[in-house]
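Structure record follows, encoded as C-alpha cells.
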Amino acid sequence: MNQAGRSPTRAVWFLAGLGVVIAILAFMYVTPSSKQDEPVDIPQDQDPHTEIQMLEAMWKEHPDHAPIALQLGNLYSEEGAHPLAISYYREFLKLDTSSTGGEVRLDISRSLYAMGRMDEAKREVRELLKRDPFHAGGLYNMGAIMANTNQNDSARFYWERLIAKHPEDTLAVFAKQSLGMLGK
C-alpha cells in the first residue's frame with residue numbers, strides 16, 4: 001500500500017479504464033440531430049457475419065445512428081449483398097450531417113455498377129461531382145464507369161480533368177495508366 005492507503009494496482013486499473021473511456025469518446029460520432037441518449041460503440045475487425053448480426057441488432061436499437069448504417073452498408077457491399085448495402089448507404093445519407101458524408105455516393109455507385117445498373121451508378125457520381133466538381137474519387141470513378149461502358153471520350157474527359165486538377169494524387173496515376181489503354 002502507498003501512503004494514501006491505495007494499492008498501486010488499483011491506480012493502474014483506474015488510469016487504464018479512464019484511458020479506454022477517453023478513447024471511446026474520442027472516436028464516437030453522434031449526429032447533432034440524433035435522438036439517442038447514449039453513444040454506440042461500433043464493433044470492428046471481427047468475422048463479417050458476426051459483425052453484421054451485431055450491427056443489425058444495434059441498428060434496431062439505434063436507427064438514427066449514421067455510423068451504424070454506414071458500417072452495415074460497407075459490410076454488405078463486401079459480402080456482395082449490394083441491394084442491402086445501397087439501402088444502408090441511403091439511410092446514412094439521410095442521417096449524416098458531416099461535410100464529407102456525400103462521398104458515400106461513390107460506394108452507392110460501386111454497388112449499382114456491380115449490379116449492372118450503369119445509369120444509376122453514373123447518376124450517383126454526378127451528384128457528388130455537382131457538390132465538388134473536382135472530387136478526385138468522383139472523377140476517377142466516372143471515368144472508369146465510362147471506360148467500362150465503351151464511352152472512351154467521356155472517360156478521357158473525366159480522367160484528364162482529374163490529372164489536371166490532382167496530378168500527384170494516386171488516382172491520377174491510375175488515370176494516366178488507364179488513359180493509355182483507351183482506344184483513340
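Bear in mind that the values in this text are calculations on the coordinates, not laboratory data. Fair warning: this is a prediction, and the values are worked out from it, not measured in the lab. Cβ placement follows ideal geometry from the backbone for every residue including glycine, while neighbour counts extend to all protein chains displayed.
Summary of values
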read-out: Segment 51-71 residues near the modelled Glu79 label - backbone nitrogen below 17 Å, point 7 Å along Cα→Cβ; value: 51-61, 68-71
read-out: Mean separation of Cα contacts under 8 Å, 6 or more apart, over the residue count of segment 43-181: relative contact order %; value: 13
read-out: Filter on Lys60/Lys122; Lys130/Lys176; Lys122/Lys165; Lys94/Lys176 - keep pairs with C-alpha separation over 26 Å; value: Lys60/Lys122; Lys94/Lys176
read-out: Long-range amide H partners of Asp96 with built H, under 5 Å; value: none
